[in-house]
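A.B. asks: Submitted below is the structure of interest, expressed as structure tokens.
The values are calculated or read from the model by the stated rules, or taken from the named source; none is laboratory data. The shown structure was predicted, so the numbers you read here are calculated from the model rather than taken from an experiment. Neighbour counts are summed over all protein chains in view; Cβ atoms, including those assigned to glycine, are modelled from backbone coordinates with ideal geometry. The accessibility values were calculated without ligands, DNA or RNA, using every heavy atom of the protein model including side chains. Shrake-Rupley method; radii C 1.70, N 1.55, O 1.52, S 1.80 Å.
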Amino acid sequence: MKNKNGNSDQIARKYMDSLVVEERVLGAVRPDTKVTFLGEEFDTPIMAGALSHLPNGMAPYAEGAKLANAACFIGMGDNETFGACLDTGAKVIKIIKPYANREEIFSRLRYAEEHGALAVGLDGGHAIKPESPEFDTIQGCPMKLPTLEELKEYIAATKLPFFLKDILSVRDAVLAKEIGAAGVIIGHHHDLMHWATPPVYLMKQIREAVGDDFILIADGGIEDGFDAFKALAMGADMVCVGRALMPPYMKDGAEGVAATIRTLNDELASMMYRTAAADVKSIDPSVIHEGWWL
């Protein structure tokens, strides 16, 4: 069915479902999904995505990632909320909204560094309203699209690795690298931009443009371990899963989040086994094909 409203989530889903995988089982060995990310070892390249304002608090979400030995993003919220996540012992990356009040950003950067965050990031794409050229207001807080000079200031203000979120072009990924970011999170923030290019579709082009020493994280449209495999094969270093973790979080809290991440990682490992990938870095992009007949 034709997408008549430009829903970017639907477009991304359709593209992800068009990707097919060839099997290579001869000589395959049981794969190892462990990865080293920002100096820490995790059992999986699947990360808990940057959710915010969960009804039972963010700490159980972070705790679930810790139980699965997975990295975790935490989205919008004050320093106290973020501190509760860090207190679980989880390896957490704080994603900061593009507040018009710059001190809100600097305050969260300082807190993250002083309290042991794994990294920080800025969610720049959320500054602009989806259907208006005006800056947005989120949870009562005015937003503003940062200039390149302001982004450089934010990156220089912390010793932590700094990521830019909602990057969806080769051009912006290259700019992010040039101004000193450690990497980018490739996505469109669930249809904030209508008719957006599917994040995974751009992954190969972005990887070729930025090289292997720049971290690419796939975000948006990753619903299971099979999607995660496709994103990794297309060039991602890590992948985020957010919405798929919400139902188990609501039902079983931290244990539900952990169990779901483990299930997704098993699905990823199965695809790796069937494509003769002994580890995550051995996933061969040539196993992915576009199923034009689907």
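A.B. asks: Roughly how many nanometres apart are two label points built 7 Å out from the Cα toward the Cβ at Ala28 and His190?
C.D. replies: The two pseudo-label positions are separated by 3.3 nm.
A.B. asks: For segment 132-159 and segment 248-265, what is the centre-to-centre distance using only Cα atoms, to the nearest Å?
C.D. replies: Using only Cα atoms to place each centre, the spacing works out to 32 Å.
A.B. asks: Taking a ≥ b ≥ c as the square roots of the Cα gyration tensor eigenvalues, with a/c under 1.5 meaning rounded and otherwise prolate when a/b beats b/c, else oblate, which class fits segment 1-90?
C.D. replies: Oblate, because a/c is 1.5 or more while a/b does not exceed b/c.
A.B. asks: Mind listing which trypsin sites (Lys or Arg not before Pro) in segment 181-271 are in a DSSP loop and have 12 or fewer other Cβ atoms within 10 Å?
C.D. replies: Those that pass, being in a loop and sparsely packed, number zero.
A.B. asks: While we're here: Measure out, as a whole number of angstrom, how far apart the alpha-carbon centroids of segment 76-128 and segment 23-62 sit.
C.D. replies: If we compute the Cα centre of each part, the gap is 20 Å.
A.B. asks: Sorted from largest down, give the three principal axis spans of the alpha carbons of segment 1-160, whole angstrom values.
C.D. replies: Taking the Cα atoms of segment 1-160, the three principal extents are 57, 45, 35 Å.
A.B. asks: Only helices at least 30 Å long along their own axis, judged from Cα atoms, and with Kyte-Doolittle mean hydropathy of -0.5 or greater: name those in the chain from DSSP H.
C.D. replies: Membrane-span-like by this rule: 246-274.
A.B. asks: Additional query: If you count only protein heavy atoms with a 1.4 Å probe, what accessible area per residue comes out for the chain, rounded to a whole Å²?
C.D. replies: On the way: 13480 Å² over 294 residues.
That works out to 46 Å² per residue.
A.B. asks: Let me ask something additional. Heavy atoms of the protein only, probe of 1.4 Å, neighbouring chains included. What is the accessible area of Ser52 in Å², nearest 10?
C.D. replies: Only protein atoms counted, so the area is about 40 Å².
A.B. asks: Which is farthest toward the positive dipole end of the chain among Gly225, Val200, Pro60, measuring Cα position about the Cα centre, with Cβ charges +1 (Lys, Arg) and -1 (Asp, Glu)?
C.D. replies: The one lying farthest along the dipole's positive direction is Val200.
A.B. asks: For segment 71-125, rounded, prolate or oblate, judged on the Cα gyration tensor with a ≥ b ≥ c (square roots of eigenvalues), a/c < 1.5 rounded, else prolate if a/b > b/c?
C.D. replies: Taking the square roots of the gyration eigenvalues as a ≥ b ≥ c, segment 71-125 is prolate.
A.B. asks: Separate question: Identify which of the listed values of Rg and Dmax of the Cα atoms in Å was calculated from the structure shown: (1) 18.3, 58; (2) 20.8, 65; (3) 18.7, 62.
C.D. replies: Answer by label: (1).
A.B. asks: Could you look at the chain and say what percent of its accessible area is carbon and sulfur, using a 1.4 Å probe and all protein chains?
C.D. replies: 52
A.B. asks: Past the 27 Å Cα-Cα mark, which pairs from Lys204/Lys251; Lys97/Lys159; Lys165/Lys281?
C.D. replies: Where the Cα-Cα span goes over 27 Å, the pairs concerned are Lys204/Lys251.
A.B. asks: Given the Cα-Cα distance of Asp279 and Val174 and 0.36 nm per residue of separation, how much length would full extension add, in nm?
C.D. replies: Full-extension gain reported as 35.0 nm.
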